[in-house]
Amino acid sequence: MKAAFPGSFDPPTLGHLNIIQRAAGIFDELLVVIAENRQKKYLFSAEERAAMLRQLAGEHSNVSVCVCDILIVDFLRKEGINLLIRGVRGMEDFSYEFELSMVYKALDSGIETLFMTTDPEYFVLRSSSIKEIAAFKGNVTGMVPPLVAEELEKKYRLLGITTLQK
Ligand code: ADP
């Protein structure tokens, strides 16, 4: 059985990787789908996010990574996948994810969304707060893999934000 795990992954966190690892153990194939929405502003380009995820998920031979810049339901139809995995950190995530799953159903009644609860050590991890911490040169060890911590450091150095803090 093939499943897709869509998200922004801007950047990938240990919480995302936990879901990828557990889903890879359940499904025959897992496609990590990086959302590229022109109306959204990302810190990392879709290709940068894909490169990080490919390295991080490299140990799982049944996981592949791709970028999607169209409606996810249309993308899934094209790929012949009807199963979506979404991670849930708490009730707030659940109400948002539940509504989203209803929208997917309205767009394509064949799409099934499965929710995977986070493992307890990852439930506070959120890409947006990690970016904020990294922008202020805070320590993100234990929140993201070392590769992502390095990329965050590089990115903010390039953006000159770390210089502005001085
Ligand atoms: P976020 O900005 O919320 O981290 P993403 O769009 O990158 O967002 O998330 C993709 C999917 O991963 C969503 O289903 C989200 O709920 C899930 N997710 C994000 N962080 C975690 C976490 N720490 N534990 C479990 N699932 C998570």
- Item | Estimated vicinal HN-Hα couplings, Hz - the stretch 35-42 in sequence order (Karplus 6.51, -1.76, 1.60; Gly, Pro = x) | 6, 10, 10, 4, 7, 9, 9, 10
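Grab the beta carbon distance between K105 and S129, set R0 = 30 Å, and tell me the FRET efficiency rounded to 0.05.
Efficiency at R0 = 30 Å is approximately 0.50.
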- Note on the structure: Result for the chain: accessible area per residue, probe 1.4 angstrom, in square angstrom, of 56
- Message: Within the chain, what whole-number % of the accessible surface is contributed by carbon and sulfur, with the 1.4 Å probe and all protein chains included in the calculation?
- Response: 55
- Query: Based on the alpha carbon coordinates of the stretch 1-58, what radius of gyration and maximum Cα-Cα distance (Dmax) apply, in Å?
  - Reply: 11.5, 34
- Message: So, R0 is 22 Å and r is the distance between the beta-carbons of L114 and S61; what FRET efficiency does that work out to, to 0.05?
- Response: 0.50
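As an exercise, identify the GluC sites (Glu not before Pro) in the stretch 12-105 lying in DSSP coil whose Cβ has no more than 10 other Cβ atoms within 10 Å. Can you show the working numbers first?
Numbers: sites: E29, E36, E47, E48, E59, E79, E92, E97, E99; in loops: E36, E59.
Within the stretch 12-105, the qualifying GluC sites (Glu not before Pro) (loop, at most 10 other Cβ atoms within 10 Å) are E59.
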- Query: With every protein chain kept in the model, how would you rank S129, S109 by accessible area, 1.4 Å probe, largest at the top?
  - Reply: S109, S129
- Along the stretch 126-139, what does the Karplus equation 6.51 cos²θ - 1.76 cosθ + 1.60 (θ = phi - 60°) give for ³J(HN,Hα), rounded to whole Hz, x for Gly and Pro? 9, 3, 5, 6, 5, 5, 5, 4, 5, 5, 9, 6, x, 8
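Less than 13 Å Cβ to Cβ from S61, Lys/Arg counted +1 and Asp/Glu -1: what total charge do the surrounding residues give?
Values: positive: R54; negative: D28, E29, E59.
Overall, the nearby charge balance is -2.
Which whole-number percent gives the relative contact order of the stretch 24-166, counting Cα pairs below 8 Å spaced six or more residues apart?
Numbers: 123 pairs, mean separation 25.6, N = 143.
RCO, the stretch 24-166: 18 percent.
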- Subtracting the Cα-Cα distance of K40 and S95 from 0.36 nm times their residue separation yields 17.7 nm
- Item | 19 Å Cα cut-off, lysine pairs counted over the chain (separation 8 or more, or different chains) | 16
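Report D for the chain in µm² per second (integer): Stokes-Einstein, Kirkwood Rh on Cα pairs, 20 °C, 1.002 mPa s.
Working: Rh = 16.6 Å.
This corresponds to a translational diffusion coefficient of 129 µm²/s.
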- Note on the structure: Net charge (Lys, Arg +1; Asp, Glu -1) of residues whose beta-carbon lies under 12 Å from that of F98, F98 excluded, is -2
- Task: Find, among the trypsin sites (Lys or Arg not before Pro) in the stretch 20-81, those assigned to loop by DSSP (not H, G, I, E, B) with at most 13 other beta-carbon atoms within 10 angstrom.
- Result: R38, K40, K41
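The values are calculated or read from the model by the stated rules, or taken from the named source; none is laboratory data. Everything numeric in this text was worked out from a predicted model, so none of it was measured. As a convention, Cβ positions derive from the backbone with ideal geometry for all residues, glycine included, and neighbour counts pool all protein chains shown. Ligands, DNA and RNA are stripped out before the accessible areas are found, and what is left, the full protein with its side chains, is counted by its heavy atoms. Shrake-Rupley method; radii C 1.70, N 1.55, O 1.52, S 1.80 Å.
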